[in-house]
Amino acid sequence: MSASLFHGDSDCVGNITSCGTESLLLAMKTYRDYRGSGEIIMCVTGHPGINKGCHYVGLDVVQIPFDEHKKMSISHLKAAISSKTVAVVCSAPQYPYGVVDDVPEIAAICKSYGVPLHVDSAIGGYVLPFIEM
């Protein structure tokens, strides 16, 4: 149903979890399995389930501040990325304020460093595409 809703093709895959925290636990395990031990970079406004998932699978969390618009600080992100970075996590929308981080800019930065980007958008994934309607 979800793949059809978002025009996914036959290569579109996913899984169903019982809650956002479980989804984040599985995502952090996947990044650890894919990239090895290291650090997850996230804004202080990220979902607490990210911290829990990192703790369970042995990843370190590097929390960076938000900017004047309560979005992930791009300058702090650039300063935090290192050879230990397993993935960057941003939010659409974020947990405490409902603000959407600058996903396209963060994605470009991650791509330039060869670092995976996880966009935590549990409810946002279903609401944001239709927000203007």
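Please treat every number below as a calculation from the coordinates, not as lab data. If you're wondering where the values come from, they're calculated on a predicted model, not measured in any experiment. For neighbour counting, all protein chains shown are included, and Cβ atoms are generated from backbone atoms with ideal geometry for every residue, glycine included.
The table that follows gives values for the structure above.
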{"quantity": "Distance-filtered residues of the stretch 3-38 - backbone nitrogen under 20 Å, label point 7 angstrom along Asp60 Cα→Cβ", "calculated": "28-38"}
{"quantity": "Projected label distance in nm at Tyr113 and Ser75, using a 7 Å step from Cα toward the beta-carbon", "calculated": "1.7 nm"}
{"quantity": "Percent of alpha-carbon pairs separated by more than 20 Å within the stretch 1-75", "calculated": "47 percent"}
{"quantity": "Where Rh is the Kirkwood radius over Cα pairs, Rg/Rh for the chain", "calculated": "0.95"}
{"quantity": "Interchain or long-range residues, amide H under 5 Å from His118's placed H", "calculated": "Val88, Val89, Cys90"}
{"quantity": "Given the chain, longest segment not containing exposed loop GluC sites (Glu not before Pro) (DSSP; at most 10 other Cβ within 10 Å)", "calculated": "1-67"}
{"quantity": "Alpha-carbon centroids, the stretch 1-16 and the stretch 27-44: separation in whole Å", "calculated": "24 Å"}
{"quantity": "Whichever lysines have a C-alpha closer than 16 Å to that of Lys111, once near sequence neighbours (fewer than 8 apart) are set aside", "calculated": "Lys78, Lys84"}
